[in-house]
1. Can you pull out the residues in the range 145-167 that are more than 12 Å from the ligand (Cβ to nearest atom), open to solvent by 20 Å² or more (accessible area, probe 1.4 Å) and either in a helix (DSSP H, G or I) or within 18 Å of Gln232 (Cβ to Cβ) (or both)?
2. Do you know which of the residues in the range 233-251 that are of a type in the set (A, V, I, L, M) and closer than 20 Å to Gly427 by Cα is nearest to the chain's Cα centre (by Cα)?
3. Report yes if Gly142 is at pLDDT below 90, within 15 Å of the ligand (Cβ to nearest atom), assigned to a helix (DSSP H, G or I) and under 22 Å from the mean Cα position of the chain (by Cα), otherwise no.
4. Check the range 422-437 and report whether any residue there is open to solvent by 30 Å² or more (accessible area, probe 1.4 Å), in a loop (DSSP other than H, G, I, E, B), farther than 24 Å from Tyr531 by Cα and at pLDDT 95 or above.
5. Collect the residues in the range 397-414 that are at pLDDT 95 or above and more than 17 Å from Gln463 (Cβ to Cβ), keeping them in residue-number order.
6. Taking strands (runs of 3 or more DSSP E) that do not extend beyond the range 44-130, which have at least 1 residues that are out of contact with any Asp or Glu (no Cβ under 9 Å at 6 or more places or on another chain) and more than 29 Å from Leu501 (Cα to Cα)?
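The values are calculated or read from the model by the stated rules, or taken from the named source; none is laboratory data. The structure displayed is predicted, hence computed values, not measured ones. A quick note on method: Cβ atoms are made from the backbone with ideal geometry, for glycine too, and the neighbour counts reach across all protein chains shown. Ligands, DNA and RNA are excluded from the accessible area calculation, which covers all protein heavy atoms including side chains. Shrake-Rupley method; radii C 1.70, N 1.55, O 1.52, S 1.80 Å.
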Amino acid sequence: MNIRELLNEKVLTAMHACGIPADLPALIAPGKKAGFGDYQANCAMGAAKAMGTNPRELAAKIVAALQPVLAGIADKLEIAGPGFINIDLNPTWLGEQIANAQVDARLNIATVSAPQNVVIDYSGPNLAKEMHVGHLRSTIIGDALARLLEFQGNKVIRQNHVGDWGTQFGMLIAELEEQLSSNKEMDLKDLEVFYQQAKKHFDDDAAFADKARSYVVRLQSGDADMLKLWAQFRELSLKHSNEIYKALNVTLKSTDVCGESFYNDDLAPLVKDLQQLGLAVESEGAVVVFFEEILNRDGEPLGMIIQKNDEGFLYATTDLAALRYRVNKLHANRIMYFIDARQSLHMQQVFLTSKKAKFVDDQVSLEHLAFGTMNGADGKPFKTRTGGTVKLADLLIEAVERAETLVRERATDLSDAEITEIARKVGIGSVKYSDLSKTRTNDYIFSWESMLSFEGNTAPYMQYAFTRVQSIFRKAGVTPDSLTSNIVIGTEQEKTLAIKLLQFSEVLDQVAREALPHLLCTYLYEIASLYMTFYEACPILKDGIEPEIRDSRLRLCHLVARTIEQGLDLLGIEVMDRM
Ligand code: ARG
């Protein structure tokens, strides 16, 4: 139970003792500034209004009832303004809470009481092409939520809905076949170049184009030779994605791939089901779902095609089949889609159709967690200098190279091998953190300078804060688990830091609920900043510091480091002992 939950329970008890109706809330929040208490309860004003009494008088009654209930937890209860109740926490109690968290493997963070089956749909690149920066946000934001929800004790089912079906594959397997026949060892080292070659071949050579078209038809009707080529191409392309995931420290595995092709067999039955339900109708030879709720520019119901007049199925058909599978076979309680905001209409239509068709009931939460675009300095989608799409592989190489230059400049006693490893963690961490620390729904501007800065809310700053604690322990010559002294919360700085540390689980709950990782970044940044303030004000290893105080402060430092490490790990970012 975190502090807010604990105080909530206690204040409610006191309110009931004062005869306040049980449905009125305690409204507990951390005190925002000096004079607000460590926490504040805003329960008296609403209750007084409902009961027709004076708010400050009611607050006084609640405080009297609260005093014994909070004995040992709060030191001072004070009525402020029109009837707020300020609660100052007891330093001894806080010290005990910190001590418990510091020795606990999970930092005393409980798992959720009702674990859910959570399906997380993220990354989902199209296998025809190489992964580019457009795939970055879905991949890393989705992965952060997968890590967090798992940490909280939910069953997370990752679904990498890759684009591995469609007309382009005819062209690609025709090209693969030709290249295989000329040089046996086929390696799609450069998927992008391969795609360009196939495209050029297709555009310039009519015979090749005809062949490609016939291959699509054969592929879609299940021809074994075609399926074999297709599987070969798919394998090579997935190998490329897996390399990117590994470089990015993203937890997606080959077994999480469940792409468009997986649903092939269910597409025709699905269209039939929707027709039988009267939700889909034939229109100009195609099968369409019309939405009374969504009108087009002419004020007519918007249509979503689920089968073309050439019998082919579409992206929407596959997504409907995927949704039904996730509910029926994966038993999802919550399905989270991390997809670009530009696909909002598509998702809205898929959700609406699934609900009307009763593929899903109201118990299941369907969430399109849209995100904005990563832009260049010009405010337009991030491109190479010549205007091409930026390959993710190239971006990550550049990040690590730039980080290496910085690490080398600062390094005093690091070996080359250490520098290489640190640069990798800093470079990759910076790309991820700079994205995750921005409000998900906004666009943001990609900037090497700001993401690699050692100042401000950045990965290098957070990683550096972690190494500072490690170096204190090296200097002190002690290991954290050898420290058993009580934790003394004796100064304002220690108290502020302690309370912030104990709010970790509240923050995680909110991030999990709203799928907003930037809130975790902000929190970690606050921890690092409060730590610096504490460090300035509270000497640790200076001569003359009593051993108990020294050890108490070391334990506080250790919890800071572990909180940063755990928080960054949930974001998929690594730390190091020195840099
Ligand atoms: N392959 C799609 C694209 O690149 C993304 C897939 C997202 N997931 C989904 N279920 N639609 O745009």
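1. Result: Arg147, Glu150, Phe151.
2. For the range 233-251, the residue satisfying everything is Val250.
3. Values: at pLDDT below 90: no; within 15 Å of the ligand (Cβ to nearest atom): yes; assigned to a helix (DSSP H, G or I): yes; under 22 Å from the mean Cα position of the chain (by Cα): yes.
So Gly142 fails the test.
4. We begin by selecting, within the range 422-437, every residue open to solvent by 30 Å² or more (accessible area, probe 1.4 Å); these are 424-425.
With the extra rule that they be in a loop (DSSP other than H, G, I, E, B), the set shrinks to none.
No, because not a single residue in the range 422-437 is open to solvent by 30 Å² or more (accessible area, probe 1.4 Å), in a loop (DSSP other than H, G, I, E, B), farther than 24 Å from Tyr531 by Cα and at pLDDT 95 or above.
5. Selection gives Ile397, Glu398, Glu401.
6. Details: elements: 74-80, 84-89, 117-121.
Here the list reads 117-121.
Quick grid of which residues meet (1) among the polar types (S, T, N, Q); (2) in contact with a strand residue (DSSP E or B) (Cβ under 8 Å, 6 or more places away or on another chain):
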{"residue": "Ala128", "(1), (2)": "no, yes"}
{"residue": "Arg137", "(1), (2)": "no, yes"}
{"residue": "Gln152", "(1), (2)": "yes, no"}
{"residue": "Arg158", "(1), (2)": "no, yes"}
{"residue": "Glu178", "(1), (2)": "no, no"}
{"residue": "Val216", "(1), (2)": "no, no"}
{"residue": "Leu227", "(1), (2)": "no, no"}
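Let's see how each residue does on (1) in a loop (DSSP other than H, G, I, E, B); (2) open to solvent by less than 60 Å² (accessible area, probe 1.4 Å); (3) of a type outside the set (Val, Ile, Thr):
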{"site": "Val193", "(1), (2), (3)": "no, no, no"}
{"site": "Asp203", "(1), (2), (3)": "no, no, yes"}
{"site": "Phe208", "(1), (2), (3)": "no, yes, yes"}
{"site": "Lys228", "(1), (2), (3)": "no, no, yes"}
{"site": "Glu235", "(1), (2), (3)": "no, no, yes"}
{"site": "Leu238", "(1), (2), (3)": "no, yes, yes"}
{"site": "Glu243", "(1), (2), (3)": "no, no, yes"}
{"site": "Leu252", "(1), (2), (3)": "yes, yes, yes"}
